[in-house]
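Every read-out reported here was derived from the displayed coordinates using simple, explicitly stated rules and does not represent laboratory data. Everything quoted here is computed from the prediction, not taken from an experiment. Here Cβ is always computed from backbone atoms with ideal geometry, including for glycine, and neighbour counts include all displayed protein chains.
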């Protein structure tokens, strides 16, 4: 389907990739005016291993819930990047956490590397918001959902005490892409 | 703000919403992937509405307690997956013969045995029908989207209460774990059926009254003191060795479903009017199939989809009718061929019937279905 | 000690068992010499003494000879699957806590195939009275060895003598958390009635292990001369009341099984905890 926009978020268990996928889907379908389906595949690990979440965004009904030709993929670890990058379509986008992904795959897609984990840990003081930083970057690069929708979705999902931190994390990620097109 | 009600829910969460909407007030189960979110959700929500939740010591206890809860008068549910579904089978038979309304959710994962706990599958279709020994009625519904898990769970409760029989909600891990936007229906928007209550004098009450296909069921503790057993029984519920009574009762519990199956069947047809090839499938695989149909139709290829939302009783009439007007029926399923044999049975050689199977823990893709279908175009 | 007036009353008013029975469902299936009928009578007298209403009693059983009991009594009765009585009963009780739930089960039903449900019901301390009718055999299937069959005993599946050490249902119940644990025998019928009564009025899981030997299978296979002979040896001579035992020297207690209330403590009951803690917390939380 032509207006299907396919996103894959991958990393290791515990990095919040599934939550990031949920937020992206909520930004599109609850806070935006599109349809979205979020799915995931995971192994036995609650922490570690390779995990991925997928989000399909469309103006219309979404039948097949899994990615077929990925428009944008995020890889937070080398293992996930190597394992899951194959379905990125020509002209698609690969966002990698340059702190972890050193061996960047080549293909007909654009690659953007950002030090996502160190930004979260060193600048923002909480490594746990790395997924929100990456969402900011993804929002800036894909423009598939509005920044406002993503922000609303993030804030609805995080505890009150962490609202400011997450706001900052999303903004910081978004800023990374300001000069990129 | 109407938009506010729309939420992104997981399939298993929608199952919880559906159960509560239907009036479920008792849940007992045992944790198992990939159905656990149903138990987790029920444990949070039921006590808020005066309902009861208990995590039992094993899968068998999970369904046994639910049968007890139902006999005490509460709409009851249990949920499980693969190995747990196997363990529950004897109790499913009990609920069939004792005619206890009950909803059993089976979120299908790869098997046999422990198999692939986090991988999707549709390999419990025959287990749902034949898993418990003996002849027995089976109703199973097969939603394929998150909103549909809600509505089909409500329907499962309605069928269970109406026919006094266990009803299964079968969906694969993909549908169970994916998230889609959903607006929870307002009270009154969906039909909710309650079991028929006994109104006669207690001394005239028969829990299996011969005059009915489905007799009213009085809850324990309501003044109707009666007997329930898993043995063959008479209309008063007490065991019998009378061949005539045994025969009549064994046939009746099946007849009550069979004779009403036109009301239990529910099919969705997509682009079947002029189709030369039909796809027959359920759950997440039906989503791949609909994608494939849309793609093939763009090229002018005449392909359609028959998607049963009730897989048991099997949609015999719809498949038989379809088989007379298509060249082939392709049956994609996440197993090594279960529904396909039923389709073949109903098609009676009227058309080609081909299985498209997959058991590697990955979904059947639209591309696979398109490839399989093209052969017959 | 009962007063003269009480004694007089006992003599003058014979107990009306029919009040609680379904007379048209009799005769029962039990063999001549079997103690299950004696236990049932003790149970009915205890129910009467406890003042329980028939409409409010739910009797649940599993599979086996003793599990046929619910068919004969005029309560809400539920004859379930082998081993599952306590799990079904848990559902009934939690769904409708105002019901007095009584479980009738055998030693094979409760301690072998249903062992898991037994220990977890005890752990939860869910309010139900469980009579484990211990006859050390599977009577309904023709006399195989059970989890309480003594070492060396003969059964149709232990023709060379049983090599599996038996369970003690009371020890198991106590270790699992039951708050009332007692033992009686079919022989000591008056004492049994009192014990069952105390179990019925106890709040929480009350387990009564009732030694009730099987003449047809266990008795014949193990060379007991008659049902009464077996009853005397196993139930009368083989047991001693826990209060009497306190006064006896150790050598007199050797090989004897204790009767009476063996364990009784107060602990919050499951359904009450559910209503008082979970439902209230859930209601308070948005």
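Here are the numbers:
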{"quantity": "Other protein chain Cβ atoms within 10 Å, averaged over every residue that makes up B:48-60", "calculated": "6"}
{"quantity": "Peptides B:339-347, C:172-180 ordered by average Cβ neighbours within 10 Å, highest first", "calculated": "C:172-180, B:339-347"}
{"quantity": "Highest to lowest packing among B:245-257, C:33-45, B:129-141, scored as the average C-beta count within 10 Å", "calculated": "C:33-45, B:129-141, B:245-257"}
{"quantity": "Estimated translational D of the stretch B:199-356 in µm²/s (Stokes, Kirkwood radius over Cα pairs; 10 °C; 1.306 mPa s)", "calculated": "85 µm²/s"}
{"quantity": "Mean Cβ neighbour count within 10 Å, used as a protection proxy, ranking C:94-106, C:221-233, A:137-149 highest first", "calculated": "C:94-106, A:137-149, C:221-233"}
{"quantity": "Percent breakdown of C-alpha pair distances by 10 Å bin, ordered from the shortest bin, for chain B", "calculated": "5, 24, 32, 24, 11, 3, 0"}
{"quantity": "Rg/Rh for the protein assembly as shown, where both radii come from Cα atoms and Rh is the Kirkwood radius", "calculated": "1.05"}
{"quantity": "Residue mean of other protein chain beta carbons inside 10 Å, B:287-294", "calculated": "4"}
{"quantity": "Simple spin-label estimate for residue B:371 and residue B:247 in nanometres, 7 Å along Cα-Cβ", "calculated": "5.4 nm"}
{"quantity": "In degrees, nearest ten, helix B:146-163 long axis to first principal axis of chain B (Cα)", "calculated": "40 degrees"}
{"quantity": "Contour excess over end-to-end distance, with Cα ends at residue C:49 and residue C:31 and 0.36 nm allotted per residue", "calculated": "3.7 nm"}
{"quantity": "Spacing of the two label points (7 Å from each Cα toward its C-beta) at residue B:113 and residue B:273, in nm", "calculated": "5.2 nm"}
{"quantity": "Spacing of the two label points (7 Å from each Cα toward its C-beta) at residue A:118 and residue B:324, in nm", "calculated": "7.3 nm"}
{"quantity": "Nearest 10 degrees, 0 to 90: helix B:89-98 Cα axis against chain B principal axis", "calculated": "60 degrees"}
{"quantity": "Whole-angstrom Cα spans of chain A along principal axes, big to small", "calculated": "41, 39, 37"}
{"quantity": "The stretch C:28-284, Cα convex hull volume normalised per residue, Å³", "calculated": "121 Å³"}
{"quantity": "Share antiparallel - DSSP beta bridges, chain C, percent rounded to 5", "calculated": "20 percent"}
{"quantity": "Förster radius 35 Å - calculated FRET efficiency between residue B:44 and residue A:87, Cβ distance, rounded to 0.05", "calculated": "0.45"}
{"quantity": "Neighbouring partner chain Cβ atoms per residue of A:51-62, average, 10 Å criterion", "calculated": "1"}
{"quantity": "Tilt relative to chain C, helix C:36-49 - C-alpha long axis, 0 to 90 degrees, to 10", "calculated": "40 degrees"}
{"quantity": "Stretchable slack from residue C:144 to residue C:253, in nm (0.36 nm times residue separation minus alpha-carbon distance)", "calculated": "36.3 nm"}
